[in-house]
Amino acid sequence: MSLHDNHFDLTISNIGVISSANVRIENLTVIGGPNNSGKSTIGKLLMAMIKSDVISKYKNNKAKSSFEKKTRAKVFCDMEAMLFGKKLFRFGSDEGSAKLEREGNRVYEITVRDKKPYMLDAETNDDSEQYFRDAMIVSTPLIWDMIDLFRSVQALKEASSVLNLGQKIRYPYVQWDVFTKLELAKDEEADSDMDVGNEFAHKIMDIIAGDFQKNKSGSYNWKPRHGGNYDMVSTASGVKWFGLLLALARNGAFRKDRLVILDEPETHLHPEWQLKMAELLVFMSKKMHLIVTTHSPYLSEAIELYSEQTSDVSWHASIPESDGCIIKHLDCPQEIYEQLYSPIPKLELLRVNHD
């Protein structure tokens, strides 16, 4: 059974702002809710789990070491610091846990005791398609404005390593991870998972009426169909969003053995383009596991409509409560709509009072 045909179950207790969560991860998983309700915590936690396992396996294979459990624990602590600022536990609680399972079998498990995280052993896995090989969070198109900054950080990291300075350079890890995938050479095997050279690319180019291309210096430019050639500083944020997906796809970042989390992709997009984004997300989910967090009723409803004939969607609502946020699995997205459309009556009341 291939990875893409599987679903995963994530249960969380007292992690970040989340008091409890039950998330069923299908090919397309949507978590809808207001700000500061734990949506981003889900993505960061999964990213930390998956990368800790992948990086520890790589380090142990390279060093021919048998201490994978110890390596994984150290890597996870590093991930916790970069993604959560060493505050994985929920405020007011000294203990917490998170477990990712597939068909009732543990894939990853985290426990927090005395405010310290511990990552337990992953299941023994010899099947290259069974679990994820990487996880990526895409949260902002403004990564394009950070390219030169990250190239400078990269040079500093290399210099520090060569000179053995032991200097720690702080940077936003989520954006750094996306940057590295933009910089890496394309993996030719990626075309077997998503034919980015054809339908996916053309969908995006039709939306933005142009293309994103790399110039000789390695930087990207937007080339509208009506003519011209614009650098990133002169490109609208909405165009940057679609250009980012296009560049990542062409570089082989979207594959069936990767988990991709799109954190509030409606940001910077006009409602009409949010519908276009929803259509793209449903298309992507045919080839891979995709988690989408959102507080947009337009995006949520469009995903439901575009997916009716093509893809199953796992719906979840994130709900703030007095003692922490809960995230629950839903049979249908109606509760999400009620929550996200709730400001509309308030606007009507303001209009009545104003008149």
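Derivation of every value follows stated rules applied to the coordinates shown; laboratory data play no part. Keep in mind the model is a prediction, meaning the values are calculated, not measured.
Under the rule of at least 5 residues apart or a separate chain, name every residue whose amide H is placed under 5 Å from the amide H of Thr29.
Leu290, Ile291, Val292, Ser314
Tell me the volume per residue, in Å³, of the convex hull enclosing the alpha carbons of region 199-355.
Numbers: hull volume 28.6 nm³, N = 157.
Cα-based convex hull of region 199-355, divided per residue, equals 182 Å³.
On average, how much area does the Cα convex hull of region 275-355 cover when viewed from any direction, in nm²?
Values: hull surface 28.5 nm².
If you wrap the Cα atoms of region 275-355 in a convex hull and average its projections, you get 7.1 nm².
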